[in-house]
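Only one structure is covered here, and it is reproduced in the block below.
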Amino acid sequence: MKAYLAILSSRFRILIQYRAAALAGIGTQLFFGVVRMMIFDAFYRSSSALQPMTREQVITYIWLGQAMLLLTMLAADTDVAAMIRTGNVAYEMTRPIDLYSLWFTRALSGRAAPLLMRAIPIFLFAGLFFGLRGPASVAAGVMFVVSLLGGLLLAASMTALLTISLLWTISGEGISRLAPAPIFFFSGIAIPLPLFPGWLQWFIAVLPIRGLIDTPLRIYLDHLAGADAVAALAHQYIWVLVLIIAGRAILARGLRNLVVQGG
């Protein structure tokens, strides 16, 4: 366990050095947050129909989503992709540690460090100037933190799967370009999931993608409370377990048939 904690810590420290990139990302996310806020403000002003979420809830949902945006921007690990292309992945296989756990730890730190750097300033700016509200209750705040951790683990397990797919695709460009679109759409970043049509809700509810953004945000808003919140948390963590088991099984199969390119 100490080896993985050391990898997590060292990679985290490396990633938090990219302050200029984080600053640029904060500015971009604030800009698009304002644009999205204006779009939904116009939507609520132009419609008198009863909506599943209030305007104030949607505004908070938008800014929480902007703060947590990096949980949805998933792609295969570029360092591992380079190792597979050059053949240096063979060295990864000789290390006295579990390969899946190594790649999962890299994925976890790769999500956590940039997320932390961007989320805190966005929380502050949005809370002061753009209508971001605090958690609906203390219980909602605590469950939000638990759910946010679940979203982070879910993002890491999905990233690990994308990385493992490189054992077959080698370059990884295809999967890295195809994956973001459905993740972005069905996570709640583009449109809050409760605003989707009723006939699509059952499909969204089954997908693990909702656990990245929608579940933590709706728990924060108390839109999911009590038994519904517990069920949503269970949905998150069950999918984390399923994806980890699937990732380990696929990686084991891939390693059995691996042909190292280069040397």
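The values are calculated or read from the model by the stated rules, or taken from the named source; none is laboratory data. What you are looking at is a predicted structure, and each value in this text was computed from that prediction instead of being measured. With ideal geometry, Cβ positions are generated from the backbone for all residues, glycine too; neighbour counts draw on all protein chains shown. These area figures cover heavy atoms from the full protein model, side chains too; ligands, DNA and RNA do not enter into them. Shrake-Rupley method; radii C 1.70, N 1.55, O 1.52, S 1.80 Å.
Structure data summary
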quantity: Relative contact order (%) - criterion: Cα under 8 Å, at least six apart; region: the chain; calculated: 29
quantity: Among LEU178, LEU74, LEU212, residue whose mean-square fluctuation peaks in a GNM of the chain (springs only between Cα atoms under 10 Å); calculated: LEU178
quantity: Inter-probe distance in nm under a simple model that places probes 7 Å from Cα toward Cβ, at ALA82 and VAL35; calculated: 3.1
quantity: Reciprocal mean inverse distance between Cα atoms of the stretch 111-263 - Kirkwood radius, Å; calculated: 17.2
quantity: Relative pair counts by distance (%), Cα atoms of the chain, 10 Å bins; calculated: 7, 28, 34, 21, 9, 2, 0
quantity: Gaussian network model of the chain, springs between alpha carbon atoms under 10 Å - residue of SER147, SER48, SER101 with greatest fluctuation; calculated: SER48
quantity: Counted charge near VAL80, where neighbours are those whose Cβ lies closer than 12 Å (Asp, Glu -1; Lys, Arg +1); calculated: -1
quantity: Solvent-accessible area, 1.4 Å probe, carbon plus sulfur percent, for the chain; calculated: 71
quantity: The stretch 13-162, accessible area per residue, ligands and nucleic acids excluded (1.4 Å, Å²); calculated: 48
quantity: Cβ-derived FRET efficiency at R0 45 Å, ALA181 paired with GLN51, nearest 0.05; calculated: 0.95
quantity: Top of ALA119, ALA76, ALA227 by mean-square fluctuation, Gaussian network on the chain, Cα under 10 Å; calculated: ALA227
quantity: Within-13-Å neighbourhood charge of ARG218 [Cβ basis; K, R +1; D, E -1]; calculated: -2
quantity: Dipole axis of the stretch 1-142 (+1 Lys, Arg; -1 Asp, Glu on Cβ), positive-most option in ALA107, THR28, PHE43; calculated: THR28
quantity: Percent breakdown of C-alpha pair distances by 5 Å bin, ordered from the shortest bin, for the stretch 46-153; calculated: 2, 9, 15, 17, 15, 11, 9, 7, 6, 5, 2, 1, 0
